[in-house]
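Engineer: Got a structure here, written out as C-alpha cells. Questions coming.
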Amino acid sequence: MNKNISQSKREDASMTYNEVKRYLAETSGGRDTKKYSNTNVEDVRREIHTSKQ
C-alpha cells in the first residue's frame, strides 16, 4: 500500500513538457532558454523594427 501512495505522490509532482518550459522561462528570467523555444527570432526582430516606424 505504501508503494501505491509514493507512486501517486510522484505522479502529482510531475510536470508536463510545456509546464517545464514555462517554469524555466519564469524562474530563469529567460536566460539560456532558447533551446526550449520555437520562436523565430528574425520574425520578432522584423516585427519590432516595423512597429517602430
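Read the figures in this text as sums done on the coordinates, not as results from a lab. Everything quoted here is computed from the prediction, not taken from an experiment. Positions of Cβ are backbone-derived with ideal geometry, glycine not excepted, and every protein chain shown enters the neighbour counts.
Engineer: Give me the net charge of ASN40's neighbourhood, meaning all other residues with Cβ under 12 Å from the Cβ of ASN40; Lys, Arg count +1, Asp, Glu -1.
Structural biologist: Every neighbour counted, the sum reads 0.
Engineer: Highest mean first, how do 43-50, 22-29 rank when packing is the count of other Cβ atoms within 10 Å averaged over residues?
Structural biologist: Per-residue mean Cβ counts within 10 Å order the peptides as 22-29, 43-50.
Engineer: Evaluate the distance, in nm, between pseudo-label points positioned 7 Å from the Cα of ALA25 and of GLU47 along their respective Cα→Cβ axes.
Structural biologist: Computed distance between label sites ALA25 and GLU47 equals 1.1 nm.
Engineer: Here is a further query. Please give me the summed charge of the neighbours of SER28: other residues whose Cβ is under 14 Å from its Cβ, Lys and Arg +1, Asp and Glu -1.
Structural biologist: Details: positive: LYS21, ARG22, ARG31, LYS34, LYS35; negative: GLU26, ASP32.
Residues near SER28 contribute +3 overall.
Engineer: Pulled fully out, how much extra length does the chain show between TYR17 and SER37, if you take 0.36 nm times their separation in residues and subtract their Cα-Cα distance?
Structural biologist: Length gained between TYR17 and SER37: 6.0 nm.
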